[in-house]
Amino acid sequence: MPGSNPPSFVFHTPAKLNLRLKITGIRENGYHDLVSIMAPVRLYDRIELKSGAEKATRITCSGFPVPDDESNLVFKAVRAFSSCTGMDHGFLIHLTKNIPVAAGLGGGSSDAACVLMALNEMC
């Protein structure tokens, strides 16, 4: 229908808690080899995602303060997906950040992974 808004998709991305984390080595690229035992917790970020009318992706954020620019892991996930698939349209994304930032609960990684899975389903 002309002039109608594109549908919004809402996702809840879970936090996790490391019960055990052991670094077993370091790789040449600086990343660590590790063994981890994790448990999900009942704490979620909320992501609202919809197709944008422009080629640019815009992110807005509420809740715990996180960047709303290209340094945000959600934005990086969209850019990586676009690069790998040739997708050339943008998205409007609102991130409600309920998982504390830099607390070791995996919120940023969970958000990025969710967006990658959502884009794969949408496109």
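Kindly evaluate D111 against the criterion of being within 20 Å of S8 (Cβ to Cβ) and among the acidic types (D, E). Judged against the criteria, D111 is a match.
Quick one: in region 94-123, of everything that is β-branched (V, I, T) and in contact with a helix residue (DSSP H, G or I) (Cβ under 6 Å, 6 or more places away or on another chain), which residue is farthest from A53 (Cα to Cα)? Applying the filter and picking the extreme gives I99.
Among the residues of region 97-118, count how many are over 11 Å from the mean Cα position of the chain (by Cα) and surrounded by 18 or more Cβ atoms within 10 Å (Cβ to Cβ).
Summing the residues that are over 11 Å from the mean Cα position of the chain (by Cα) and surrounded by 18 or more Cβ atoms within 10 Å (Cβ to Cβ) in region 97-118 gives 2.
Taking the criterion of being among the charged types (D, E, K, R), within 30 Å of N18 (Cα to Cα) and loosely packed, with under 13 Cβ neighbours inside 10 Å, the residues of region 42-78 that qualify are R42, D69, E70.
Considering (1) farther than 20 Å from P7 by Cβ; (2) in a strand (DSSP E or B); (3) over 12 Å from the mean Cα position of the chain (by Cα), say which one K50 fails and leave the rest. The one condition K50 does not meet is (1).
Quick one: in region 53-86, of everything that is closer than 20 Å to N5 by Cα and among the hydrophobic types (A, V, I, L, M, F, W, C), which residue is modelled with the lowest pLDDT?
Selected residue: A53.
Could you please find all residues in region 1-21 being in a strand (DSSP E or B) and surrounded by 10 or more Cβ atoms within 10 Å (Cβ to Cβ)?
Selection gives F9, V10, F11, H12, T13, P14, A15, K16, L17, N18, L21.
Residues that are of a type in the set (K, R) and touching a strand residue (DSSP E or B) at 6+ places or on another chain (Cβ under 9 Å) within region 70-119 comprise just one, K97.
Exactly one residue out of H32, H94, H89 is of a type outside the set (K, R), surrounded by 10 or more Cβ atoms within 10 Å (Cβ to Cβ) and farther than 28 Å from M122 by Cα, and it is H32.
The values are calculated or read from the model by the stated rules, or taken from the named source; none is laboratory data. Being a predicted model, the structure only gives us computed values, none of them experimental. Every residue, glycine among them, receives a Cβ derived from its backbone with ideal geometry; neighbour counts consider all protein chains shown.
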